[in-house]
Amino acid sequence: MKGFEFLDSSDPSGPRICVEGYDTSLYEYDLELALIKHFSSCGEIIHIYVPRNFEEGILRRYAFIDIAGEGALEKALELSGSYVDVGGWQVFAKESPYQGEYIDPGWAAVSKKHFNSQHMVTVMGYDTSLPVIDLQIGLSKHFSSCGEVTRVTILPNVRRALIYIRGVEGAAEKALELSSGRDVGGCNITVTGVMQPRGPIKNFPTSNRASPMMKALMMKNKMKNQMKDQMTTE
């Protein structure tokens, strides 16, 4: 596929499917959530990668899903031609001829501001009995007027959720306006805090394997584990 470099043909995480049929003007995270909900019955969703058309500022017309589990590929292909509940569009799936890790060089030209202009909104008041994927979809939709929602993390132990928004001007104020009195699935959502964008990220990967924020988190956890092992052996 044009614009990609496939590093190898190995298949370490199970079969990969290529899907089409979605509106390329969708936000990337919203598409990922819709695909997770639609294909989760087929097996474990290991990874979803949605390439971008950087010149036009939209998504490319195809996305990749790595899925694991007995008969996962066959089950996923059986859903080709079905309609996605979230958005109502028809999805078409086929086995991807490309396996292993791939690199999208287009990210190398993206300004670092793209990654560090995110607000983190903390909310409570949602229905904790709902499945996580439904909460993520509902909260992403609820705060979509503030900007591009890039991630929703549910913290069940403290009954809070973190919404990361790559916002337009006034994103924080818009998020606060959505607090109290507005509902998601019949529940009042309360914004308990808004964290302003952090400092610049020096490096970010261009591969399909991890986002810059996830990469940093993985490195932090790795260092913690190394320190713990060191203390155990001393």
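Here are some notes:
- Residue count for the stretch 52-66, restricted to those that are closer than 14 Å to Tyr98 by Cα and not acidic (Asp, Glu): 4
- Residues located in the stretch 127-153, provided they are within 20 Å of His38 (Cβ to Cβ), open to solvent by less than 30 Å² (accessible area, probe 1.4 Å) and assigned to a strand (DSSP E or B): Val149, Val152
- Taking the stretch 148-182 as the range and being at pLDDT below 90 and in contact with a Lys or Arg (Cβ under 9 Å, 6 or more places away or on another chain) as the test, the residues that pass are Gly167, Val168.
- Residues (open to solvent by less than 60 Å² (accessible area, probe 1.4 Å) and among the aromatic types (Phe, Trp, Tyr)) located in the stretch 81-99: Trp89
The values are calculated or read from the model by the stated rules, or taken from the named source; none is laboratory data. As the structure is a computational prediction, the values presented were derived from the model and not from experiment. All Cβ positions, glycine included, derive from the backbone under ideal geometry; neighbour counts span all protein chains shown. Surface areas here come from the heavy atoms of the whole protein model, side chains and all, with no ligands, DNA or RNA. Shrake-Rupley method; radii C 1.70, N 1.55, O 1.52, S 1.80 Å.
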